[in-house]
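Here is the structure we will look at.
The values are calculated or read from the model by the stated rules, or taken from the named source; none is laboratory data. For clarity, every value in this text was computed on a predicted model and none was experimentally measured. Every residue, glycine as well, gets a Cβ built from its backbone with ideal geometry; the counts of neighbours run over all protein chains shown.
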2 protein chains.
Amino acid sequence: MSRREKVSMSVIRRLPRYYRFLIHLKEKGVTRISSTELSTKLGLTASQIRQDLNCFGGFGQQGYGYIVSQLCDEIGNILGLSGKYPTILFGAGNLGRAIGTHMSFESEGFRLIGIFDNSPERIGMELANLKVRDVAGLEEFCKKEKPVMAIFCVPRTAAGELAEQLYNLGIRNFWNFSHYDLSMRYPDAIVENVHLNDSLMTLCYRISDQSAK
Amino acid sequence: MSRREKVSMSVIRRLPRYYRFLIHLKEKGVTRISSTELSTKLGLTASQIRQDLNCFGGFGQQGYGYIVSQLCDEIGNILGLSGKYPTILFGAGNLGRAIGTHMSFESEGFRLIGIFDNSPERIGMELANLKVRDVAGLEEFCKKEKPVMAIFCVPRTAAGELAEQLYNLGIRNFWNFSHYDLSMRYPDAIVENVHLNDSLMTLCYRISDQSAK
């Protein structure tokens, strides 16, 4: 068993934050940082950061700290950001348009190669330098272009059928903004959910709970 | 100490999912559900759901299950969804536009009353039935309208100064899409972060980790 197989999701979820912060330091021209300074800035303990990085072999030198650009590259490699996984996006409504144009896929490990919708008003529209395609041509597209990741910016009602089709076409990786529960239906798929409504309702709970005190 | 003060964040984060699922059942015309059925559909154990609901006094009857509309209303009340907290949104770029138009704030406890930007091309633009306002008029607006929540769809570089201004105007609740770490700077603020880049990078890690096996 390789060392990586043991890494917990909570460690993995901290890596992007380290990465972002190191990019920020690099942009500011910072070349070296001590583990204490890094931890203070991130609101974690130095030992936590060391433990996290040790999951991947450990970096930095006792008493010297980390070389920013080096640690940044290493974490980028661990995250697999050079993967450039071919990706397709479903739903060219408000959310799909924002995700397609707002995200910098290339610097986060993906390459957006197709956008699909089933609405005649949206098909043919230009978005993120791509023309929105008719979902009717999906099978042909997938067989030719072999996307490995699908982004779901479609309503829950549309997601089930679409997921089934994509799963049958071999796609196992999903960035899911819909309320359709992909993991329940396809336990072997890799799913990252972004549930904006849940986040908003959680915030609502916390505000009303606070006001009640 | 009231019962609610002890509720853990992991319980709270499951409530919106229960709520969404119950709304879905209601729409399908389901009037009653057993705790076993509810748990199967949600991929949790019946005892987990009972425990979660017990944090708020417990609902349902042994051997009878839950009345869907009643449980739905109860969870909506717990979440405080009738709060209609006045909310302002910052940044009318791609993401801000999507959040402003895509989200149904009213049904999730909030009321969008203002959208702000500092770019002359965006100020005056119509968005979610509101005209985008110049951030220069923020102080006056806040004193008059008393918003309690702010949504950050601005770049990290703009977030720091804006947060300081809002904090000084008394705003303590944030839905944060920026990479600015609000919780570190304002430990007494209630912050829900949505870090789309982190989610995407985590997905990238999981895909490349899987391919390496």
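Okay, here's what the table says:
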{"quantity": "Test: B:Ile115 is within 11 Å of another protein chain (Cβ to nearest Cβ), in contact (Cβ under 8 Å) with a residue 12 or more places away in the chain and under 22 Å from the mean Cα position of the chain (by Cα)", "calculated": "no"}
{"quantity": "Count - residues of segment A:85-94 that are facing chain B (nearest Cβ under 10 Å) and either under 14 Å from A:Val132 (Cα atoms) or β-branched (Val, Ile, Thr) (or both)", "calculated": "3"}
{"quantity": "Index of the failed condition, B:Ala46 passing every other in (1) modelled with pLDDT under 90; (2) under 27 Å from A:Ala92 (Cα atoms); (3) more than 14 Å from chain A (Cβ to nearest Cβ)", "calculated": "(2)"}
{"quantity": "All positions within segment A:178-207 that are of a type outside the set (Asp, Glu), within 12 Å of chain B (Cβ to nearest Cβ) and either in contact with an Asp or Glu (Cβ under 7 Å, 6 or more places away or on another chain) or within 22 Å of A:Glu145 (Cβ to Cβ) (or both)", "calculated": "A:Leu182, A:Ala189, A:Ile190, A:Val191, A:Asn197, A:Ser199, A:Leu200, A:Met201, A:Thr202, A:Leu203, A:Cys204"}
{"quantity": "Qualifying helices (runs of 4 or more DSSP H) (wholly inside segment B:74-183; at least 1 residues being at pLDDT below 95)", "calculated": "B:94-102, B:156-168"}
{"quantity": "Selected residue (only one of A:Leu182, A:Leu162 is out of contact with any Cys (no Cβ under 9 Å at 6 or more places or on another chain) and within 22 Å of B:Leu196 (Cα to Cα))", "calculated": "A:Leu182"}
{"quantity": "Verdict on A:Glu145 being out of contact with any helix residue (DSSP H, G or I) (no Cβ under 7 Å at 6 or more places or on another chain), under 18 Å from B:Asn197 (Cβ atoms) and touching a residue at least 12 places away in the same chain (Cβ under 8 Å)", "calculated": "no"}
{"quantity": "Cβ pairs under 9 Å, 6+ apart, first in segment A:44-62 and assigned by TED's automatic domain parsing to the domain that holds A:Pro16, second assigned to a helix (DSSP H, G or I) and of a type in the set (Phe, Trp, Tyr)", "calculated": "A:Ile49/A:Tyr18; A:Asp52/A:Tyr18; A:Leu53/A:Tyr18"}
{"quantity": "Qualifying positions in segment A:160-177 - under 30 Å from B:Trp175 (Cβ atoms), more than 9 Å from every other protein chain (Cβ to nearest Cβ) and of a type outside the set (Phe, Trp, Tyr)", "calculated": "A:Gly160, A:Leu162, A:Ala163, A:Asn176"}
{"quantity": "Those residues of segment B:19-58 which are in contact with a helix residue (DSSP H, G or I) (Cβ under 9 Å, 6 or more places away or on another chain) and at positive phi, in sequence order", "calculated": "B:Gly43, B:Gly57, B:Gly58"}
